[in-house]
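Scroll down for the structure; my scribbles are underneath it.
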Amino acid sequence: MSTSGATSSDGALVPLLEIEAVSSFYGDFQALFDVCITIGEGETVAIIGANGAGKSTLLATVAGLMRPAAGDVRFDGRSISGLPAYKRVPLGIALVPEGRRIFPSLTVAENLRVGATRGRPGPWTLGRIYKTFPLLEAIAGRWGAALSGGEQQALAIGRALMGNPRLLLLDELSLGLAPTVIKSLYAGLREIKEEGTTVVLVEQDVGQALAAAERAYCLLEGRISLHGATSELTREQVIGAYFGL
Amino acid sequence: MVWLNQVVQGLLLGGLYALFATGLSLVFGVMRMVNLAQGDLIVLSSFLAFVLAGDLDWNPLLTLVILIPLMAILGFAAQALLLNHTLDSDLAPLLATFGLSVIIQNSLLEHFSGDTRRLHAGAIETESIRVTGQISIGWFPLMTFLVAVGLLVALQLLIRRTQIGRSLRATSDDRRAAQLVGIDNRKVYGIAAAISLATVAIAGVFLGVYSNFSPTSGPSRLLFAFEAVIIGGLGSPWGTLVGGVVLGVAQTVGAQVSVGWGDLTGHLVFLAVLLIRPRGLFARPELV
Amino acid sequence: MSVESSRQPALTRRRWLDIARGLFFACVLGALVTVPWWRSEGGMRDLVEFFTLLALAQMWNLLAGYAGLVSIGQQSFVGIGAYSLFMLGDRAAIHPFLAVALAGLIAAVISLPTAAVAFRLRGGYFAIGTWVIAEVFYLLTLNGTDFGVDLGGGNGVTILSAAQLERSFRGHGTYWWALGAGVGSVLLSYLLLRSRVGLALTAIRDDETAARSIGVNVLRTKVLVWVVAAFGCGLAGAVIYLNLLRVQPEAAYDVNWTAYMIFIVVIGGIGTIEGPIIGTIIFFVLQQKLSQYGAWYLILLGSIAIAAAVWFRGGIWGVIGRRYDLRLFPVQRRISTTPGA
């Protein structure tokens, strides 16, 4: 079970992640406009939107690869906007980046090991990850450069889990993968949720994302166009928010 | 037979060149940075060994006990304080290490004058094994070669079997992804620089015993180190040893043909390899 | 407000600036051309040194600042220029003043095969590769007799064909050649950068792959700049030794030539045309005042290089140009969205 969240002065639980009025730029191009998102511990939240809507930028900002030009990112009540990415890992934030980005010069086992470099203690060990993603155990000695898309994605998730994060950020999990592979990855995701890990899921595949998450936000050209419980959102609402109709 | 002896000498010289080159290729492998001060740092180590051996009345090889940690710390500091701030540009690291090279050379000139020096390690310098009438293998060149091999083995073990080696490889592959698993790039680069300068310390001491050195010897050591790396192929440590050997043999055979031709022959062989097999003899595909 | 009336004032303002700039250059040029009649011989020799350094620096700036080719081997072409002058003047009996131009051309021709070799390498390794090539030229020159060409070996040669010219004639001619090289290098950079090649270079500088994908022939552009720079360095080298008369291989092929080019460009401001001009002035003044301190002077230069690498990437002109948005040699392209802007 994950540790319980911090409590504010009036005794209420502070959300695990607070993104408050964050604006981000790529050079002159503004990718995020005043985005506000709150995520509680143990939740699974989906962030959907078309290409270029700003989803990856948002995750990169939370993970520390980008610094917001305005606004604040708070983790467990504490502002982390100024922290570089490598310092956020021991706090319990892990990003599985778009494109997997596993290390080609390391074997599967080494990729996993390196994920534990600055991690926290917890249930995710090499053995546990092999149990959740058995295909990884079968290829443990293979070089990262020689893996298929599905193997890479499982490895990327495993690598992030080795640090025992409280918050797992998944960027475009199903991109470029076959449906059967996607299904098995989402099955693994269920186990991760059962451990109490908070999951933020960025997806272009709206169906999978909404099915796996309790709440969802929709991004359109850098702004939140919709948010709510996935059980309450209608198809028309989602399509409207996704395409800006 | 004289030619065969030259080839043997060149082979052993290759060990020395591999020592020069190891630090250069390590730093390039991890941070894609070319250290233009490599040769001058080697010469600096030779001079430091000279001073230490003189003051402490030690055999210069013994001074490595002090020099290796000293240079390692220097490398870490230079990387952390200065060079890490230049990695976002293509020109800046070259400029900074070029500036360093000029500073080291002229500081040495200022302090030691332009005279050549030599480190004396005792009888082992001149003793040799007589293999046949015309071929002899000097004990010291042989030792240098074996140290080079040993160093390469040690580095391979470090890179492949340890946690720090994994971090080095991961950072070299993808430094953003490395940040995502909690690796501090600056520290990794500092460690790579420290290891590199530790090898430079070894190279400097062995160079000093092997041959004369002066404050301006640096640049040619850099060129030889570079040629050894390119001939062998980027990213292949054993390739660097082979590259060093090819260069060494080219130089000694060339010198046998005509005294002034040693270096030139080496350069020409290097250029030939560059034209015919630009990736070198054992290049790793991903790196080129 | 009609388009016509909003155009007029802006255009007039631009016009004034252009006219002022043109007058300024005309005056400066006029003064410089007439130097032999109002400066001493020593002063003239200083200016020869100044203008040849300027030419060298502009060439290095073209290579590194615009084409992304960081070379530490330009001394190859300085030496080739010098020895070509010797061969043409002394051995082929061509008038030294004509030989200077031909020396530049020879350097340009020889640079082509060197490009074939050097361009196999990239980045820092390219840099060292150019140095190796310079060493090869040095050693070939030194051992020339082994290849049937007597270039004086280690003792070097004297350019007798120039030494035998009447003294003030030689002095004037050398000065005007130097002035031509210096001003010419600035003009050459300016024109090149305003041409289609310049546009290609800017694209390459931004993103090489993207440039290639829109049809820019990256290799040909880089080779062009390489050859032009070789021409400039060869010409400058010939002028330098026209002035010095005595050519020794260790000095002609000395890596310090490139070191000076690098310092000048980096101090003045890389990637601009104004930068090397400022850099040469500063370097020249520094050298006059401080070279007596020998090694310490060079240590200072090295420290400045490091400081520039870490903190002052744009050099002096970078700092000034940014603050006041000044351009003496406008080569940047602006997209105007408003008329007359």
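The values are calculated or read from the model by the stated rules, or taken from the named source; none is laboratory data. Quantities reported herein were computed from a predicted structural model and do not represent experimental measurements. Cβ: placed from backbone, ideal geometry, glycine included. Neighbour counts: every protein chain shown. With ligands, DNA and RNA removed, areas are computed over all heavy atoms of the protein, side chains included. Shrake-Rupley method; radii C 1.70, N 1.55, O 1.52, S 1.80 Å.
Whole-Hz Karplus ³J(HN,Hα) for the range C:99-114, in order, using 6.51 cos²θ - 1.76 cosθ + 1.60 and θ = phi - 60°, x for Gly and Pro?
Result, ordered by residue: 4, 4, 4, 5, 4, x, 5, 4, 4, 5, 5, 5, 5, 5, x, 5 Hz.
So which trypsin sites (Lys or Arg not before Pro) in the range C:13-45 pass both tests, a DSSP loop state and at most 16 other Cβ atoms within 10 Å of the Cβ?
Within the range C:13-45, the qualifying trypsin sites (Lys or Arg not before Pro) (loop, at most 16 other Cβ atoms within 10 Å) are C:ARG39.
Explain nothing, just the number: dipole magnitude of the range A:34-117 about its Cα centre with +1 on each Lys and Arg Cβ and -1 on each Asp and Glu Cβ, in debye rounded to the nearest 20.
Rounded to the nearest 20 debye, it is 260 debye.
If you add up the charges near C:ILE316, with Lys and Arg at +1 and Asp and Glu at -1, over every other residue whose beta carbon is less than 12 angstrom from its beta carbon, what do you get?
+2
So for C:SER161, A:SER148, what's the accessible-area order with a 1.4 Å probe, most first?
Ranking C:SER161, A:SER148 by accessible area, largest first, yields A:SER148, C:SER161.
I need the calculated FRET efficiency for the pair C:ARG21 and B:ILE73, taking r as the beta carbon distance and R₀ as 56 Å, to the nearest 0.05.
The formula returns an efficiency of 0.55 here.
For the range B:112-188, state which trypsin sites (Lys or Arg not before Pro) are in a DSSP loop and have at most 15 other beta carbons lying within 10 Å of their beta carbon.
Passing sites in the range B:112-188 are B:ARG118.
Amide H to amide H under 5 Å from A:LEU95: which residues, 5+ apart in sequence or cross-chain, H placed 1.01 Å off N in plane?
For A:LEU95, whose amide H was placed from the backbone, the distant partners under 5 Å are A:LEU169.
So what does B:THR252 come to for accessible area, using a 1.4 Å probe and Å² rounded to 10?
Roughly 20 Å² of B:THR252 is accessible to a 1.4 Å probe.
Could you give the angle, 0 to 90 degrees to the nearest 10, between helix B:163-173's Cα long axis and the longest principal axis of the Cα atoms of chain B?
Rounded to the nearest ten degrees, it is 80.
Which of the aspartates and glutamates could a cross-linker span from A:LYS131 if the Cα-Cα distance has to be under 13 Å and same-chain partners fewer than 8 positions apart are dropped?
Here the aspartates and glutamates satisfying the reach criterion relative to A:LYS131 are A:GLU191.
If each residue of separation counts as 0.36 nm, what is the full-extension length gain between C:ASN155 and C:TYR324 once their alpha-carbon separation is subtracted?
55.7 nm
Could you tell me the extents of the range A:147-245's C-alpha atoms along the three principal axes, largest first, rounded to whole Å?
Dimensions of the range A:147-245 along the principal axes of its Cα atoms: 40, 28, 23 Å.
All other residues with a Cβ under 14 Å from the Cβ of C:PHE283 taken together, and with Lys, Arg as +1 and Asp, Glu as -1, what is their net charge?
-1
Please list, ordered by chain and number, the residues whose modelled amide H lies under 5 Å from the amide H of A:LEU219; skip anything fewer than 5 residues away on the same chain.
Result for A:LEU219 returns A:ILE48, A:GLY49, A:SER225.
Taking all protein chains together and a probe of 1.4 Å, list C:ASP206, A:ASP34, B:ASP184 from the most accessible to the least accessible.
From most accessible down to least: C:ASP206, A:ASP34, B:ASP184.
Rg/Rh for the protein assembly as shown to two decimals, with Rh computed the Kirkwood way over all alpha-carbon pairs.
1.03
Name the residues whose placed amide hydrogens come within less than 5 Å of the amide hydrogen of A:VAL14, ignoring near sequence neighbours (fewer than 5 apart) on the same chain.
Result for A:VAL14 returns A:ALA6, A:THR7, A:SER8.
Identify all lysines with a Cα-Cα distance to B:LYS187 below 27 Å; exclude those on the same chain that are fewer than 8 residues away in sequence.
Counting by Cα, and skipping residues close in sequence, B:LYS187 has these lysines nearby: A:LYS87.
Sum -39500 (n - 2.57) across every DSSP H segment of at least 4 residues in chain A, then divide by the residue count to get the 222 nm mean residue ellipticity, nearest 500.
It lands at -9000 deg cm²/dmol.
Rounded to the nearest 10 degrees, what's the angle between the helix A:149-161 long axis and the longest principal axis of chain A, both from Cα atoms, 0 to 90?
80 degrees
Which values, in whole Å and largest first, are the semi-axes of the equivalent ellipsoid of the range C:10-144 obtained as the square root of 5 times each eigenvalue of the Cα gyration tensor?
In descending order the semi-axes read 34, 25, 13 Å.
Could you please state, rounded to a whole Å, how far the C-alpha centre of the range C:24-90 is from the C-alpha centre of the range B:86-150?
Cα centroid to Cα centroid, the span is 37 Å.
Which value, in Å² and to the nearest 10, is the accessible area of C:LEU191 when all protein chains are kept and the probe is 1.4 Å?
110 Å²
Ignoring ligands and nucleic acids, what accessible area does A:VAL181 show with a 1.4 Å probe (Å², nearest 10)?
Taking all protein chains as shown, A:VAL181 has close to 50 Å².
How far is helix B:237-257 tilted off the main Cα axis of chain B, in degrees rounded to 10, range 0 to 90?
30 degrees
For chain B, what is the calculated [θ] at 222 nm in deg cm²/dmol (nearest 500), taking -39500 (n - 2.57) for each run of four or more DSSP H residues and dividing by its residue count?
Calculated mean residue ellipticity at 222 nm is -24500 deg cm²/dmol.
Check cross-link reach from A:LYS193 to the aspartates and glutamates: straight Cα distance under 20 Å, and skip same-chain residues fewer than eight apart.
Result set, ordered by chain and number: A:GLU18, A:GLU41, A:GLU43, A:ASP76, A:ASP171, A:GLU172, A:GLU203, A:ASP205, A:GLU214.
Heavy atoms only, probe 1.4 angstrom, no DNA, RNA or ligands counted: give me C:PHE50, A:PHE243, A:PHE75 ranked by accessible area, highest first.
Greatest to least solvent exposure: A:PHE243, C:PHE50, A:PHE75.
Rounded to the nearest 500, what is the 222 nm mean residue ellipticity of chain C from helices alone, with -39500 (n - 2.57) per DSSP H run of 4+ residues and division by all residues?
Result for chain C, helices only: -23500 deg cm²/dmol.
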